[in-house]
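Remarks on the structure that follows.
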Amino acid sequence: MGNLAVVGAQWGDEGKGKIVDLVSLHYDIVARYQGGHNAGHTVVIEGKSYILQLIPSGMFRGGKVGVIGNGVVIEPNALLQEIRRMEAAGFTFDGRLHISDRANVILPHHRWREEEEEKKRKIGTTMRGIGPCYEDKAGRRGFRIADFIRSEFEERLRTVYGGDSRAAEFLSQVPELREKIRSYVCNCSALLAEAIGQGKRLLFEGAQGTMLDIDHGTYPFVTSSSCAAGGISTGLGIGPKHVHKVLGVSKAYLTRVGEGPLPTELNDELGQLIRQRGKEFGAITGRPRRCGWLDLVALKYSVQINGADALCITKLDILDAMDEIRVCTEYEIGNQTVTHFPASTEDLVRCKPVYRTFPGWKSNTFALRKLEALPANARRYLEFIEEFLQTPIAMISTSPERDDTVFYPAFDVLLS
Ligand code: IMO
Ligand code: MG
């Protein structure tokens, strides 16, 4: 009985929140290992929708323990507001939510700096101060939760900000924030080591997606953390041998928010149709997402980077209306065929997708829960994805609701 990682296999927003919530049933601890409140993980339970940014998505089930690891960047106000919002909705976290004393803290100047940088060179970030906080971390001038909860921290911050009036409000909040945060703080590496020793099962929740990973994504149009499965070990302080299985989550098409190359983007009515049907607007920022056909060159790369054991395909029902469905199997640059995902932006913007076309199924798959109930054309499309990637599908999501999911035999292997 092993531990499982659920990671985004595209550019984020793949539906990781629903999947983590669903599979959390089988695990004891759910841990976030990177990112911050740039994430927007939606969980729908009995028609009610909850959006989580820092709290792990598996915590809706009573008794599950949540860990926010050292690799996450934490904005104290955002965390406390989220806890309060969830408590108002009837969930309690006392004693079962833990944040790492080694996580870096997002401070006001991170947002100021990001505003300046986005004006100079647009990445289309979520403007949460994520990138500048990770910059300070790598530059060895950041502050961690362990610093934040010390009484002299306010004084240290006053020195950092001098008399900058923009910081006044935050500085006045620090003592209260510190007292509220303190009860959640722990050495998460030690907590996880003890849990592993007791035979507890861990579920790792990725934020963003592999194609936004700082090393492996479409750099420089990426986030500043290690979203792929490789980030789990450093982001939580556990040995890599404790990551047993990896589930890559991908939409049946693709989306991206912000700038950066996207070879299969549809800048036409079809793209708009997908956006409309899929409600492809940012959960946190409300920005319209760019939509396109599934890109198997990118997904193959993502499967490789993560060592994905299986895939979860989400939002299949959004394609129900399509006469035909396309999937990109390679690119062309001039008269050259490209089968590996290029590193450079210049190459990527020149890539013309080569498509394989499938007939649509033109029938309703919304909320289906049985494999036998999937239309033959949908199954053919899904089989092609499995064959092309040499990776089994473990589950298909047919609505945002927890239980509207089709399980494949590979799901049991994933849980074993
Ligand atoms: P979840 O976890 C989709 C994108 C931003 C921008 C780039 C850098 O919900 O899948 P950042 O603020 O992180 O420095 O922005 O990354 N981005 C996401 N896109 N889903 C997310 O999270 C994202 N988090 C960041 O739009 O292009
Ligand atoms: Mg999101």
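See the values below:
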| read-out | value |
| --- | --- |
| Gain in span if fully extended, residue 267 to residue 48, counting 0.36 nm per residue against the direct Cα distance | 75.6 nm |
| Cα long-axis angle, helix 296-306 against the chain (0 to 90 degrees, to the nearest 10) | 40 degrees |
| Loop sites in the stretch 1-94: GluC sites (Glu not before Pro), DSSP, at most 13 other Cβ within 10 Å | 46 |
| Within the chain, percent of DSSP bridges classed antiparallel, to nearest 5 | 40 percent |
| Cα-based helix-to-principal-axis angle, 76-88 vs the chain, degrees rounded to 10 | 70 degrees |
| Phi to ³J(HN,Hα) by Karplus 6.51 cos²θ - 1.76 cosθ + 1.60 over the stretch 341-351, Hz, x for Gly, Pro | 5, x, 7, 8, 4, 4, 5, 4, 6, 8, 5 |
| Ellipticity estimate at 222 nm from DSSP helix runs (n ≥ 4, -39,500 (n - 2.57)) divided over the chain, nearest 500 | -9000 deg cm²/dmol |
| Residues of the stretch 247-365: accessible area per residue with a 1.4 Å probe, Å² | 42 Å² |
| The chain - percent relative contact order, Cα under 8 Å, separation 6 or more | 20 percent |
| Under-5 Å amide H pairs with residue 251, H placed in peptide plane, nonlocal only | 314 |
| Cα-Cα pairs of the stretch 138-286 separated by more than 19 Å (percent) | 71 percent |
| Estimated FRET transfer efficiency when R0 is 35 angstrom, pair residue 346-residue 78 (beta carbons, to 0.05) | 0.45 |
| Distance between modelled label sites at residue 112 and residue 380, nm, 7 Å Cα→Cβ extension | 6.1 nm |
| 28 Å Cα cut-off, lysine pairs counted over the stretch 236-350 (separation 8 or more, or different chains) | 9 |
| Using alpha-carbon coordinates, inclination of helix 376-389 to the longest axis of the chain, degrees | 60 degrees |
| Given charges at beta-carbon only (K, R positive; D, E negative), |dipole| of the chain in Debye | 420 debye |
| R0 of 22 Å, Cβ-Cβ distance residue 138-residue 159: FRET efficiency to nearest 0.05 | 0.50 |
| Simple label model, 7 Å out from Cα along Cβ direction - residue 333 to residue 357, nm | 2.7 nm |
| Whole-percent pair-distance distribution, where bins are 10 Å wide, for the alpha carbons of the stretch 251-376 | 12, 39, 37, 11, 1 |
| Extension gain, residue 413 back to residue 190 (0.36 nm per residue minus Cα-Cα distance, nm) | 77.4 nm |
| The stretch 309-400: Rg to Rh, with Rh as the Kirkwood radius over Cα pairs | 1.04 |
| Per DSSP, loop chymotrypsin sites (Phe, Trp or Tyr not before Pro) in the stretch 57-116 with at most 13 further Cβ within 10 Å | none |
| 3J(HN,Hα) from dihedral phi, the stretch 364-371, Karplus parametrisation 6.51/-1.76/1.60, rounded to Hz, x for glycine, proline | 7, 10, 4, 6, 5, 10, 10, 4 |
| Residues whose placed amide H lies under 5 Å from that of residue 31, excluding near-sequence neighbours | 67, 203, 204, 205 |
| Residue-by-residue Karplus 3J(HN,Hα) for the stretch 58-69, coefficients 6.51, -1.76, 1.60, Hz, glycine and proline x | x, 8, 6, 7, x, x, 6, 9, x, 10, 10, x |
| Three-way shape call for the stretch 95-225 based on the alpha-carbon gyration tensor, with the a/c threshold at 1.5 | oblate |
| Hydrodynamic radius by Kirkwood, which averages 1/r over all alpha carbon pairs of the stretch 45-90, in angstrom | 11.7 Å |
| Bins of 10 Å, starting at 0 and running to the largest distance - Cα pair percent for the chain | 5, 23, 32, 25, 12, 3, 0 |
| Gain upon complete extension [residue 371, residue 183; 0.36 nm per residue less C-alpha separation] | 63.1 nm |
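The values are calculated or read from the model by the stated rules, or taken from the named source; none is laboratory data. Everything quoted here is computed from the prediction, not taken from an experiment. No Cβ is skipped: glycine too gets one built from the backbone with ideal geometry, and neighbour counts run over all protein chains shown. In case anyone asks, the SASA skips ligands and DNA or RNA and just uses the protein heavy atoms, side chains included. Shrake-Rupley method; radii C 1.70, N 1.55, O 1.52, S 1.80 Å.
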